[in-house]
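Engineer: Before we start, here is the structure in question, set down as structure tokens.
The values are calculated or read from the model by the stated rules, or taken from the named source; none is laboratory data. Just so it is clear, the model here is predicted, and its values are computed rather than measured. Quick reminder, even Gly has a Cβ in these numbers, built from the backbone with ideal geometry, and neighbours come from all protein chains shown.
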Amino acid sequence: MRLKLNFKTLILVILTNFILVNVSNADNHNIYETLEDIKNDLKTLERAVYSGSIEIKSTDANSVEELDQNSEDVLTRHLLKLSEIEDQFRELTNKFEEINFKLDKLSNRVTKIQADNQVRFQDLEASISSGNRSEENQLTSKPKVEEKKILPGTSQPQDLGTISYKDNETSETSQQIQSVETTASIVTETFQTEEKIIPQDLSIKEQYEFATSFLKVGDYSTAERALREFVKSNPENELAGSAQYWYAETFRIRQLYTDAASAYLEGYQKYPKGKKAPDNLLKLGVSMVQIGEKDQGCKMINGVEIQYPNANSVIQKAKYESKKFECIKKDS
């Protein structure tokens, strides 16, 4: 009966035979060369066993069963390992396909966004350019004078003997007459006063506190209207200067530096001795620097100490701002 040898059994047989054959020649060969020969023979035997090319005859039933059992165990282990590798490879393939799908989807989305933005930019540029051209045409073009069409007949008195039937014969269907054209519609523009924000039944101090309360909650647009209303209603009150300052602050907080500078300037001119006058002048200088007028802004910042020598806290802030904008180096 021909059977495949167990790998370990074959190794032991080969080693035994090889050692017995080479015992007599041990004196004539180097040990290192002997070991190399054994190693090469083992490799050759290993390739032969795995390829199934070595078969032996055996009549021992126990040996046959052991060989079959060992072969089945080795085969089972290899099959399980291959199955695990296949599962891992399949899982990696699924993840790769999922990532690839998401990348394609993301790429399509980015392409759509770019196309949409491009269309929006083109529309915006077209509207801006058309608006500029229309303004130029309005400024440069002269108003067109409508040419009066000559209709049959006349509005001037004529002698009856000089008018003939052929003179009045025409293909026109409307006759020129003297009349007053009726007006189809009359457009009237009505001006409505802006609704008051501050309750009028409050005292002046309470009105001021009400107007400044919008600043505390961050409603700067409403605070702007309320403070402006307070200043207009109470221009001579001692709180008007402070209200004007906080009115300018509503613009500065929103980074509307041009409007803020205008409001600070108005407060500086109208209320130069108010409680917030030093702060008003300092913030005016800072706003001027922020809108690009550095020379004028630095002069105002450095002028706080000259005009208000007793405002110690504001002077310290002015020195800090002067150093920050490098006003001292430039002016010195």
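Engineer: Which pairs have Cβ atoms under 9 Å, sit 6 or more apart or on different chains, and link a residue in the range 297-311 that is within 20 Å of TYR257 (Cα to Cα) to one that is at pLDDT below 90 and loosely packed, with under 14 Cβ neighbours inside 10 Å?
Structural biologist: Listed pairs, sorted by first residue: CYS298/ILE328; CYS298/LYS330; CYS298/ASP331; LYS299/ASP331; ASN302/ILE328; ASN302/ASP331.
Engineer: I'm trying to understand the selection: among the residues of the range 57-114, which are at pLDDT below 80 and of a type in the set (Gly, Ala, Ser)?
Structural biologist: SER58, ALA61, SER63, SER71, listed by residue number.
Engineer: Here are the criteria: (1) part of a helix (DSSP H, G or I); (2) over 24 Å from GLU326 (Cα atoms); (3) over 35 Å from the mean Cα position of the chain (by Cα). Tell me which single one ILE301 does not satisfy.
Structural biologist: Going through the list (1) part of a helix (DSSP H, G or I); (2) over 24 Å from GLU326 (Cα atoms); (3) over 35 Å from the mean Cα position of the chain (by Cα), ILE301 breaks only (2).
Engineer: Now, a different point. Scan the range 269-301 residue by residue and report those that are buried (at least 24 other Cβ atoms within 10 Å of the Cβ) and hydroxyl-bearing (Ser, Thr, Tyr).
Structural biologist: The one that is buried (at least 24 other Cβ atoms within 10 Å of the Cβ) and hydroxyl-bearing (Ser, Thr, Tyr): SER287.
Engineer: Is it fair to say PHE251 is buried (at least 23 other Cβ atoms within 10 Å of the Cβ) and of a type in the set (Phe, Trp, Tyr)?
Structural biologist: Criteria not met by PHE251.
Engineer: Continuing with the same structure: Just to be sure I understand, how many residues within the range 205-219 are loosely packed, with under 14 Cβ neighbours inside 10 Å and within 20 Å of PRO235 (Cα to Cα)?
Structural biologist: Adding up the residues that qualify gives 4.
Engineer: Assess whether GLU326 counts as being at positive phi and free of Cβ contacts under 8 Å to residues at least 12 places away in the same chain.
Structural biologist: For GLU326, the condition - at positive phi and free of Cβ contacts under 8 Å to residues at least 12 places away in the same chain - is met.
Engineer: So in the range 304-329, with the set limited to residues that are in a helix (DSSP H, G or I) and among the acidic types (Asp, Glu), which one is surrounded by the fewest Cβ atoms within 10 Å (Cβ to Cβ)?
Structural biologist: If we take residues in the range 304-329 being in a helix (DSSP H, G or I) and among the acidic types (Asp, Glu), then GLU305 is surrounded by the fewest Cβ atoms within 10 Å (Cβ to Cβ).
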